Amino acid sequence: QVQLVESGGGLVQAGGSLRLSCVASRSIFSINAMGWYRQAPGKQRELVASFTSGSMTNYADSVKGRFTISRENAKNTVYLQMNSLKPEDTAVYYCGAKYLETDYWGQGTQVTVSS
């Protein structure tokens, strides 16, 4: 079992920055994959950024060059640094993880970007 807790969302003006944090209930060394997803009202959940095997990173085309995923293993935490935010980034952001072939999700944190 893995519990994930996101934080760091809020209201920000276009062009601003936010850093999201995802704290896992167990060492992320033992978690197979972790990443950030987002879901806007009425839309499908989409991948934003993730770590895959070999510590490779993957980003959605819409956020490349603006968002950066990182991790701090000692704190069981994955971060998403979001710069140059746009109104279209507005969504609920979810931390996701795969552990022992099972997917886990946090409850999400709201990010709202005003124009």
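A compact table of results
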read-out	value
Of residues in the stretch 98-115 being touching a helix residue (DSSP H, G or I) at 6+ places or on another chain (Cβ under 8 Å) and farther than 12 Å from Leu18 by Cα, the one modelled with the highest pLDDT	Ser114
Residue within the stretch 81-91 that is more than 18 Å from Ser114 (Cβ to Cβ) and either in contact with a Leu (Cβ under 9 Å, 6 or more places away or on another chain) or open to solvent by 50 Å² or more (accessible area, probe 1.4 Å) (or both) present	yes
Residue count for the stretch 92-115, restricted to those that are surrounded by fewer than 18 Cβ atoms within 10 Å (Cβ to Cβ), polar (S, T, N, Q) and closer than 24 Å to Ile28 by Cα	3
First in the stretch 8-21 and part of a loop (DSSP other than H, G, I, E, B), second anywhere and among the β-branched types (Val, Ile, Thr), Cβ under 6 Å, 6 or more apart	Gly9/Thr109; Gly9/Val111; Ala14/Val113
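Table: residues versus (1) under 14 Å from Val113 (Cβ atoms); (2) open to solvent by less than 20 Å² (accessible area, probe 1.4 Å); (3) in contact with a helix residue (DSSP H, G or I) (Cβ under 6 Å, 6 or more places away or on another chain).
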site: Ser7; (1), (2), (3): no, no, no
site: Gly10; (1), (2), (3): yes, no, no
site: Gln13; (1), (2), (3): yes, no, no
site: Ser25; (1), (2), (3): no, no, no
site: Arg38; (1), (2), (3): yes, yes, no
site: Lys64; (1), (2), (3): no, no, no
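The values are calculated or read from the model by the stated rules, or taken from the named source; none is laboratory data. The structure displayed is predicted, hence computed values, not measured ones. Heads up, the Cβs are rebuilt from the backbone with ideal geometry, glycines too, and the neighbour counts pull from every protein chain shown. Keep in mind that these areas ignore ligands, DNA and RNA; they rest on the heavy atoms of the full protein, side chains included. Shrake-Rupley method; radii C 1.70, N 1.55, O 1.52, S 1.80 Å.
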